[in-house]
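Before any comments, here is the structure.
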Amino acid sequence: MNRDHIEKHVRNQISKFDIPLDIEEAQKSNILISGTNHTGKSRLACNITSILQNFNWRIIVFDNSGIWKEISDLPTFYRIREPRNYDSEQDWYYPFPTQSMIFDISLLIPDLQKSFVNDVLERIWNTQVRMPTKQTLIVLEEFQLYGRNLRSSISQNLARCMSAGRNWKIRVLAVTVDLALVDPSFIRLCQQCYHGRLGIEANSKRRFRDYYGIDWYRIATEGLDVGYFIYLLRDKLKVIHMPLFEPKRLPEPYQVKPRFYPIPKSKTLFQRIKEILK
């Protein structure tokens, strides 16, 4: 099946389910999904990544909720554990994602989650700079954990991926509960946004109202149920309904290749005598 046929099929699926996703814009800028708990943010993100997979994108997900392996159709997942993947020298060991992969980091404390994401992003950046072969999408659940302060040392690799990453085929999809918990510099780098229902927190309401005005603020607080989002594409807004994404396949555990050590040959009688005489 050639690439033109695949792209035509995917566009037909987008039209069929009325999924508003501008793939050309996704190559240029980043994507932001916001909303309170239980609004369908993760399912929406899974839907988007499922579509982009068909366009030969590499999807790398950092899942600190542990839910993606149950609702996504990405091929593999790998669970990060501190004793196995993080040593006393503060070095990370993990399989480098040459293909689409979910990193389940739900067993790590937040500080280690940030450290791990920063390490992987640096390796991805260096790899893409040397050979930018495939369009890569970085997906970050609980984005406020990484994107609260652009100037923090732990956010430097994220900042360059979101800003200059387009030159090296790196884009970011950020999922957060609250715009007020994200540095405005990151929000400005997202020209395609999906906003679910707003919470009750005053700063969250104020931030949304400042961005979109009183009318859209009222819709976000009163008019959005589960699966409904305000969709922003550059400077245009509209209310959309996203169908519940149900994968036809689930990710499989990443198979770590076992290490094989050579079996030492038994020593000859002459070698044993020589060792004794030393």
- Taking the Cβ of TRP125 as the centre, find all other residues whose Cβ is under 13 Å away and add up their charges (Lys, Arg: +1; Asp, Glu: -1). +4
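Report the full-extension gain for the segment GLU275 to ARG234: residue separation times 0.36 nm, less the Cα-Cα distance, to one decimal in nm. Kindly include the intermediate steps, with their values, before the conclusion.
On the way: separation 41, 0.36 × 41 = 14.76 nm, distance 7.70 nm.
Extra length available between GLU275 and ARG234 comes to 7.1 nm.
Taking a 29 Å limit on the Cα-Cα distance, which of the listed pairs LYS134/LYS205; LYS28/LYS238; LYS205/LYS248; LYS134/LYS238; LYS114/LYS248; LYS114/LYS236 fall beyond it? Spell out each step's value before the answer.
Working: LYS134/LYS205 38 Å; LYS28/LYS238 21 Å; LYS205/LYS248 37 Å; LYS134/LYS238 31 Å; LYS114/LYS248 31 Å; LYS114/LYS236 33 Å.
Flagged as over cut-off: LYS134/LYS205; LYS205/LYS248; LYS134/LYS238; LYS114/LYS248; LYS114/LYS236.
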- Return the distance in nm (one decimal) between the two label points of a simple spin-label model at GLU25 and GLU82, each offset 7 Å from Cα along Cα→Cβ. 4.2
- Item | the chain - mean residue ellipticity at 222 nm from DSSP helices (-39,500 (n - 2.57) per run, n ≥ 4, rounded to 500) | -11000 deg cm²/dmol
- Identify which of MET162, MET101, MET131 has the largest mean-square fluctuation in a Gaussian network model of the chain, with springs joining Cα atoms closer than 10 Å. MET131
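What fraction of the DSSP beta bridges in the chain is antiparallel, stated in percent and rounded to the nearest 5? Present the calculation step by step, with values, prior to reporting the outcome.
Numbers: 11 of 39 bridges.
Within the chain, antiparallel bridges account for around 30 percent of the total.
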- Message: Multiplying the sequence separation of LYS169 and GLN255 by 0.36 nm and subtracting their Cα-Cα distance, what value in nm do you get?
- Response: 28.3 nm
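Can you tell me, using C-alpha contacts under 8 Å and at least 6 residues apart, the relative contact order of the range 19-277 as a whole percent? Present the calculation step by step, with values, prior to reporting the outcome.
Details: 434 pairs, mean separation 73.4, N = 259.
Relative contact order of the range 19-277: 28 percent.
For the range 19-277, what is the Kirkwood hydrodynamic radius in Å, using each pair of distinct C-alpha atoms?
Details: mean 1/r = 0.0506 Å⁻¹.
Roughly 19.8 Å, rounded to one decimal.
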- Task: List the residues whose amide H sits under 5 Å from the amide H of VAL172, counting only those 5 or more places along or on another chain, with H placed 1.01 Å from N in the peptide plane.
- Result: ILE31, ILE138
- Query: Among SER29, SER34, what is the fewest-to-most ranking by other Cβ atoms within 10 Å?
  - Reply: SER29, SER34
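Counting Lys and Arg as +1 and Asp and Glu as -1, each charge on the Cβ, what is the dipole of the chain about the Cα centre in debye, to the nearest 20? All intermediate terms of the calculation are to be shown ahead of the outcome.
Numbers: 41 positive and 30 negative charges, 222 e Å.
It comes to approximately 1060 debye.
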- Footprinting exposure proxy for GLU222, GLU122, GLU89 (fewest neighbouring C-beta atoms within 10 Å first): GLU89, GLU222, GLU122
- Message: Tell me which of VAL139, ALA202, ASN37 sits at the most positive position along the dipole axis of the chain, charges placed on C-beta atoms (Lys, Arg +1; Asp, Glu -1).
- Response: VAL139
- Sites ALA202 and LYS248 - FRET efficiency at Förster radius 35 Å, r taken between beta-carbons, to 0.05: 0.25
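Take ARG207, ARG218, ARG130 and order them by how many other Cβ atoms sit within 10 Å, fewest up front. Write down the numbers at each step before the final one.
Working: ARG207 21, ARG218 12, ARG130 9.
Listed from fewest to most nearby Cβ atoms, that is ARG130, ARG218, ARG207.
Values in this text are rule-based calculations from the coordinates and carry no lab data. Predicted, not measured: the structure shown is a model, and the values here were computed from it. Counting neighbours? That spans all protein chains shown, and the Cβs are built from the backbone with ideal geometry, glycine included.
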